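*Asks:* There's a structure below that I have some questions on.
The values are calculated or read from the model by the stated rules, or taken from the named source; none is laboratory data. Bear in mind that the values here come from a model prediction, so they are computed numbers and not experimental data. We place every Cβ from the backbone using ideal geometry, glycine too, and count neighbours over all the protein chains shown.
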Amino acid sequence: MIALTDISKRHGQQVLFVGASLQLDPGEKVGLTGPNGAGKSTLFRLITGEEHPDEGDVSIPKRLTIGHFRQDMGEMSGQSVLDEAIAGSGRLGSLHHEIEQLEHDMADPAKADDMDRILARFGEVQAEYQDLGGYELEARAKEILHGLGFRDEQIAGDVGALSGGWKMRVGMAKVLLGNFDVLLMDEPTNHLDIESILWLETFLKDTRSAVLMTCHDKDFMNRVVSRIIDIDNGELTSYTGDYDFMEREQKLRTAEQAAAFARQEAMIARMQRFIDRFGTHVAKAAQAQSRQKKIDKIERLEPPKKREVVPFHFQTPPRSGEDVAVLKGVVKKYGARAVYQGFDFEVRRGERWCVMGQNGSGKTTLLKMVAGVLTPDGGVVKIGPSVKMGYFAQQALDVLDPERTVYEQIDYHFHLAPTGTKRTLLGAFQFSGDDVDKRIAVLSGGEKSRLVLAQMLFDPPNFLVLDEPTNHLDLVTKQMLVQTLADYEGTMLFVSHDRTFLRGLANRVLDVSACASGGQPQIYHGSYVEWVKKTGMEAPGVHA
């Protein structure tokens, strides 16, 4: 269906692809992986025609329709969420709005002289619209928007009033609604909560469309795709299986490559020792020369390139008392709506609480009250006297000085620490080489998140309050963060939509879902894994 054959592409001095090939078949679900800057976004732009290869061919059938979800979805304003979703959904959306305009024209007395043409066009558009299933379009749009977490009042409301994250969901709804032959999905889970992620998994598995996607959610990738294409060092390597399969295959190939490299190095070393010993020996000089010629003709193997996850072993945080945070009779209201009513909750030393619940149920509100960012309307939030808290939220990125470089930011706060230790920390959070000299002003959201987490964990508090810490983090950094925090000896209270993070760290579950409808939170004194097994749900209301 889509074929890229022997493509080569460079951006300035950076070589992205060298003689690389890819084929995407009808209905196939494929994941695209590779380190930052490897060329994943460029590959999407080659398929959409926004860029062209320096060499090679991109073959796409003329009638093939492609929906492209990207992180930059452009401006949205001036109409309802529903109309915005429909308007951007490809051919069906165009027909939908043309029918609305034609119906308006037919009711306009000023256009009576042009009525024959209007009626003829209305008949043509209506027939095509019906053939494409257009009369179910509005119902399908609402179903998709509900799946992505929108409430009815939001769907009817002004799209321009939404935050950036919610506008991204509208952008995704446009792509999912368009009934395209191919869906190109660039990090689709970035702005979604776990309930919406689980809904999207099912949608993409069931769609007739072929899917090519990048994603920083390992569980999502494993459940949706049946093939992985890995971009590295200018090449595209295909693995028939999910992300876990690719990881196993890569480890096996790396081990085989390392063994072959070691054998060749040992053989060359033996020959070189003979040459060094007998090169000037009259009787064996000819043998030494022969071996030197063999060495010169050997096609040298490359040592395996390793993308390693290196957990950072930070210092042990100071020990807190048993009572880390105590909430008694907490009340919190937004207008007439009470989120918490007489809520009692305790966090004790060593506990790692994950907070679960649908949008609007009060997850972030709870974390803000514990962190002291929000004051409860009633009751008491008490933090233990020996508690040193670290609070991470998206607004925590504001602690960074945009004029500093990555290294200067860490050096400013930990000036007396050894340079090697600081560079090791930054390397663990994927800042290596020239990356440490980047100005903070030019960093992406994901890079800023990594830097804030690095700064927080260099001198770790004994109580971490984390609101979506894995947002925008790539798979390698997420894996490192889970491995690092697994050895953390402090206490945690966090919200996360990443199931790898939840499974790896949570030993207590607080389900605040009932708060959205005036109920009380449910406390579970067991791990997230045990909670899923007991309830049959990976998120409140969503069965595993």
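*Asks:* Would you be able to tell me the number of residues in region 235-258 that are in a helix (DSSP H, G or I) and farther than 18 Å from K40 by Cβ?
*Replies:* 12
*Asks:* Just one of the numbered conditions (1) modelled with pLDDT of 80 or more; (2) more than 40 Å from the chain's Cα centre (by Cα) is not true of T280; which one?
*Replies:* So T280 meets the others, but not (1).
*Asks:* Test R291 against the criterion of being modelled with pLDDT of 85 or more, of a type in the set (D, E, K, R), part of a helix (DSSP H, G or I) and exposed (fewer than 15 other Cβ atoms within 10 Å of the Cβ), and give yes or no.
*Replies:* So R291 does not fit the description; no.
*Asks:* Test D474 against the criterion of being in contact (Cβ under 8 Å) with a residue 60 or more places away in the chain and either β-branched (V, I, T) or closer than 17 Å to F220 by Cα (or both), and give yes or no.
*Replies:* yes
*Asks:* Let me ask you something else. Kindly indicate whether any position in region 82-93 is closer than 30 Å to Q23 by Cα, part of a helix (DSSP H, G or I) and not aliphatic (A, V, I, L, M).
*Replies:* yes
*Asks:* Hand me the list of helices (runs of 4 or more DSSP H) wholly inside region 332-433 holding 1 or more residues that are under 19 Å from S513 (Cα atoms), touching a Leu at 6+ places or on another chain (Cβ under 8 Å) and without any contact (Cβ under 8 Å) to a residue 40 or more places away in the chain.
*Replies:* Answer list for region 332-433: 363-371.
*Asks:* Another question, then. Give me the residue from region 219-245 that is within 20 Å of the chain's Cα centre (by Cα) and among the aliphatic types (A, V, I, L, M) and, out of that set, nearest to V15 (Cα to Cα).
*Replies:* Among those residues, the one meeting the criterion is I231.
*Asks:* Step by step: first the residues of region 246-259, then only those that are hydrophobic (A, V, I, L, M, F, W, C) and surrounded by 13 or more Cβ atoms within 10 Å (Cβ to Cβ), then the one that is nearest to R10 (Cα to Cα). Which residue is that?
*Replies:* Per the stated criteria, the residue is M246.
*Asks:* Just name the residue that is nearest to the chain's Cα centre (by Cα) out of those in region 390-427 that are surrounded by 15 or more Cβ atoms within 10 Å (Cβ to Cβ) and within 21 Å of D467 (Cα to Cα).
*Replies:* Step by step, filter region 390-427, then rank; the result is Q394.
*Asks:* Continuing with the same structure: Can you give me the number of residues within region 1-29 that are of a type in the set (A, V, I, L, M) and surrounded by fewer than 20 Cβ atoms within 10 Å (Cβ to Cβ)?
*Replies:* Qualifying residue count, region 1-29: 4.
*Asks:* List pairs: first in region 237-264 and closer than 26 Å to T5 by Cα, second acidic (D, E) and not in a helix (DSSP H, G or I), Cβ under 6 Å, 6+ apart or cross-chain?
*Replies:* T237/D230
*Asks:* Scan region 165-192 for residues that are closer than 18 Å to G446 by Cβ and either crowded, with 21+ Cβ neighbours inside 10 Å or in the same structural domain as F220 (by TED's automatic domain parsing) (or both) and jot them down.
*Replies:* M168, M185, D186, E187, P188, T189, N190, H191, L192
*Asks:* Shifting gears a bit: Considering only residues of region 434-472 that are touching a helix residue (DSSP H, G or I) at 6+ places or on another chain (Cβ under 6 Å), buried (at least 19 other Cβ atoms within 10 Å of the Cβ) and in a loop (DSSP other than H, G, I, E, B), which is modelled with the highest pLDDT?
*Replies:* T470
*Asks:* For the structure I just gave you, tell me whether T207 is in contact with a Gly (Cβ under 9 Å, 6 or more places away or on another chain) and crowded, with 20+ Cβ neighbours inside 10 Å.
*Replies:* The answer is no for T207.
*Asks:* Any residue in region 24-40 that is of a type in the set (D, E, K, R) sitting within a Cβ distance under 6 Å of a residue that is in a loop (DSSP other than H, G, I, E, B) and modelled with pLDDT of 95 or more? List the pairs, counting only those 6 or more apart or interchain.
*Replies:* So the pair list comes out as K29/V225; K29/S226.
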